[in-house]
Amino acid sequence: MLYVVKRDGRKVEFNLTKISNAIKGAADEIGFEMKESEILKLCQIVVKTIESLDGSSVTVEHIQNIVQTTLIENGYEEIGNVYAAYRNERTKVREIKSDLMKAIGQIGVETDRDNANVGNNFSSKLLRIASESNKWHNLSKMPKRLSKAHETGDVYYHDLDSYNLTINCLHIPTMEILKKGFNTGYGYIRPPKRIESAAELSCILLQSTQNDMFGGQSHPDFDNDMGSFVEETRVQIREELTELGVEESKLEELTEKKLLRAIEQSMQGIVYNLNTMHSRAGSQVPFSSVNLGIPNSKDAALVCEVFLKEYEKGLGRGEQPIFPNIIFRVKEGVNREPKDPYFYLYELACRVAAKRMNPTFMNMDATFNKKYYDQGVIPATMGCRTYVCSNINGEPGTKGRGNIAPTTINLPRIGIIAKGDIDKFFSLLDSRLELAKDSLLERYDTLKKLRVKDLPFVAGQGLMKGSEGLMPDDSIEPIIRQGTWGIGFIGVAETLCALIGKHHGEDKEARQLGLKIVSHIRAYTDKLTEETKLNWSCYATPAEGLSGKFIVKDKAIFGEIKGVTDKDYYTNSYHVPVGYKLSLKEKIDIEAPYHELCNGGHISYIELDDYPDAATIMDIINYGYKHTNISYLGINFHIRYCKNCGEYLVGGEQKCPKCGSHEVQGVSRVTGYLSLDERFGSGKQEEREDRVSQVSGNKVYYV
């Protein structure tokens, strides 16, 4: 009788079925249909090898080594690699679960770069230690087939450390909360009357909301929300000046002058606060976004104008503000054309973007946005690209809603496994979509066990739609039915290369196939919405840390495949590869159709090789918005400035031309938000190095 020595020292009888199941499972991972006779033959070889050993017992590790060697030596190298990769992942899990000291030791040296907003100080390291602990706890609690899919890299469950604790992101109903007041836990905050207080409290709303959630937050109608406090400020200033005896003839002029100063100080305070409030877990500043550009009054327009100008000024020495991400919404009849009443705001937004890479721009005339706009619902987005509007469980809209949680599918792996068989690819994609659905329903069942008091601010203070009338001990299930559940994807470009040898930037057939793939995902999420009465969405995953994670796993299994695994990252969502040279017209034309398909969030970037001027920015945006159905656009270039005096550096300068300092700070965009260069993860560092521009200086290629 042969016995197996388990890792904990126990002896159990040898079970051949476990070996056959492991071989079959590894084959299934790459879509290889093994016959029972093949599996039996391999098992016999394993048994003979074990029997040739001395002794009546053998360790689990020894058996696994024999299985792996048997697979590789008998012509099943890919299956052997999958088996080895899963062994390594399980070993890693066991090590971390049994002895977190190893993980803690690594984090103690330096934090990872999954999140470019995280630094390397005490609070950041403490966050990562707690994060690793809860991540593996959650993996161990979920059904094994779901945890295995994440560990092996078939799919990815975002923010596993928060899986059982909270939800993702929120568009804050800013004006509504400010008008009624709120309680952050230590007492009631009265509704503000003046713009100064409203601006300060808008930062507190972002700060307090971030402490309840793991993703980002936005003010979805910032200029209109802040603009509603301008008139009361004006009235109070006028009264104060009247009491001081100011002459009637000078009263209005002086009132407006002091009002403008109050708004300037308020907007400056917001920019400063959102870049210095290290209140998010891990000593991060809030992941904040503000949507503006569609003012409903002159006061709101004034707020929009002043805010953009204050952001343009930068921080104390002119340094680049990282937050908030600004989304300027463009609409014909409002601000897009020279004859429009707020065209001057669009011009200003382009000027600021030419210096600061913010704002990004959102097209209200894209058909899927206009549909809501015409109903009186103004769409908004976040810097991370989260888009929420449709709602099967209530009125459509943005305020009080967000993405609850996403799962991302490793598309390139499916492309590799399919080996050019398109039908097989879609069959495998269907299985991954089912897996993604099951993972999110499992997460739904976990999150609905949370109570309102577990999210004391966003749920307890009524920031989230669905929280109306709930008591502290009530389940948050009514809330999570209002948000969206995103099935995301990464690497359309690499998937197409794996399937037909070319990506969608190179070939029309690839372009059509790319759209067919993402349309398939969207059709699936639409079907799920009707079947489950939850808001499912197709999500163009930002993939900040994930861009370098999937490819490492795939390279270990499949080796280096040209155009697929020959880099250190997979291309973001549906984007054309960053190193592929094409005109901005071609890039916009190719990527535009994906925006309508990705109703959970989308963005496209135009890369510039130097600082542009405002006219170039407007040319780019106008092409996209007048000639395609594209919605969310960002203009990228590399910002470098002197840490000592704030002077901007051009080209490859390493020394400040103004003060002579060699302390140079680089800033780039990563997955929607800006970040300091040194905080990019390894995959994103490699991706940034590969980026080529669609615009040379201020020469737009399509003109």
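Summary table below
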read-out: Hits in region 522-546 (condition: over 25 Å from residue 512 (Cβ atoms), at pLDDT below 95 and either small (Gly, Ala, Ser) or in contact with a helix residue (DSSP H, G or I) (Cβ under 7 Å, 6 or more places away or on another chain) (or both)); value: 544, 545
read-out: Residue tally, condition assigned to a helix (DSSP H, G or I) and crowded, with 20+ Cβ neighbours inside 10 Å, over region 530-546; value: 1
read-out: Residue list for region 575-626, filter: touching an Asp or Glu at 6+ places or on another chain (Cβ under 8 Å), part of a helix (DSSP H, G or I) and not aliphatic (A, V, I, L, M); value: 625
read-out: Count - residues of region 315-341 that are assigned to a loop (DSSP other than H, G, I, E, B), within 21 Å of residue 382 (Cα to Cα) and not charged (D, E, K, R); value: 6
read-out: Region 354-377, residues that are in a loop (DSSP other than H, G, I, E, B) and either touching a His at 6+ places or on another chain (Cβ under 8 Å) or open to solvent by less than 10 Å² (accessible area, probe 1.4 Å) (or both); value: 357, 358, 359, 364, 366
read-out: Unique match (being closer than 24 Å to residue 670 by Cα, surrounded by fewer than 24 Cβ atoms within 10 Å (Cβ to Cβ) and among the charged types (D, E, K, R)) among 516, 549; value: 549
read-out: Tally of residues being in contact with a His (Cβ under 6 Å, 6 or more places away or on another chain) and open to solvent by less than 20 Å² (accessible area, probe 1.4 Å) across region 498-513; value: 1
read-out: Filter result (hydroxyl-bearing (Ser, Thr, Tyr) and either more than 26 Å from residue 85 (Cα to Cα) or surrounded by 21 or more Cβ atoms within 10 Å (Cβ to Cβ) (or both)) within region 150-168; value: 152, 156, 157, 163, 166
read-out: Near pairs, Cβ below 7 angstrom, 6+ apart or cross-chain, from region 586-610 (of a type in the set (A, V, I, L, M, F, W, C)) to any residue that is part of a helix (DSSP H, G or I) and open to solvent by 10 Å² or more (accessible area, probe 1.4 Å); value: 588/623; 590/511; 597/519; 597/522; 606/587
read-out: All helices (runs of 4 or more DSSP H) inside region 403-481 with 2 or more residues being surrounded by fewer than 21 Cβ atoms within 10 Å (Cβ to Cβ) and of a type outside the set (A, V, I, L, M, F, W, C); value: 422-447, 477-480
read-out: Near pairs, Cβ below 7 angstrom, 6+ apart or cross-chain, from region 286-298 (at positive phi) to any residue that is part of a strand (DSSP E or B); value: 293/328; 293/329; 293/330
read-out: In region 170-202, the residues that are at pLDDT below 95 and open to solvent by less than 50 Å² (accessible area, probe 1.4 Å); value: 187
read-out: Residue list for region 462-491, restricted to those being within 22 Å of the chain's Cα centre (by Cα) and of a type in the set (Val, Ile, Thr); value: 479, 480, 484, 487, 490
read-out: Any hit, region 626-642, residues being open to solvent by 40 Å² or more (accessible area, probe 1.4 Å) and within 26 Å of residue 320 (Cβ to Cβ); value: yes
read-out: Yes/no for residue 566 being open to solvent by 10 Å² or more (accessible area, probe 1.4 Å), under 25 Å from residue 29 (Cα atoms) and either in a helix (DSSP H, G or I) or of a type in the set (D, E, K, R) (or both); value: yes
read-out: Residue 344, sole failed condition from (1) without any contact (Cβ under 8 Å) to a residue 40 or more places away in the chain; (2) not in a helix (DSSP H, G or I); value: (2)
read-out: Flag for residue 524 being closer than 30 Å to residue 78 by Cβ, touching a Lys or Arg at 6+ places or on another chain (Cβ under 9 Å) and touching a residue at least 12 places away in the same chain (Cβ under 8 Å); value: yes
read-out: All positions within region 588-603 that are buried (at least 23 other Cβ atoms within 10 Å of the Cβ), under 19 Å from residue 617 (Cα atoms) and not β-branched (Val, Ile, Thr); value: 591
read-out: So residue 632, is it at negative phi and in contact with a Gly (Cβ under 6 Å, 6 or more places away or on another chain); value: no
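Here's the yes/no breakdown for (1) open to solvent by less than 80 Å² (accessible area, probe 1.4 Å); (2) touching a Leu at 6+ places or on another chain (Cβ under 8 Å):
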{"site": "19", "(1), (2)": "yes, no"}
{"site": "22", "(1), (2)": "yes, no"}
{"site": "27", "(1), (2)": "yes, no"}
{"site": "34", "(1), (2)": "yes, no"}
{"site": "38", "(1), (2)": "yes, no"}
{"site": "41", "(1), (2)": "no, no"}
{"site": "51", "(1), (2)": "no, yes"}
{"site": "61", "(1), (2)": "yes, no"}
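The values are calculated or read from the model by the stated rules, or taken from the named source; none is laboratory data. This structure is a prediction, so every number in the text was calculated from the model and none was measured. Note that we place each Cβ from the backbone using ideal geometry, even for glycine, and neighbour counts take in every protein chain shown. Heavy atoms of the whole protein, side chains included, go into the accessibility calculation; ligands, DNA and RNA do not. Shrake-Rupley method; radii C 1.70, N 1.55, O 1.52, S 1.80 Å.
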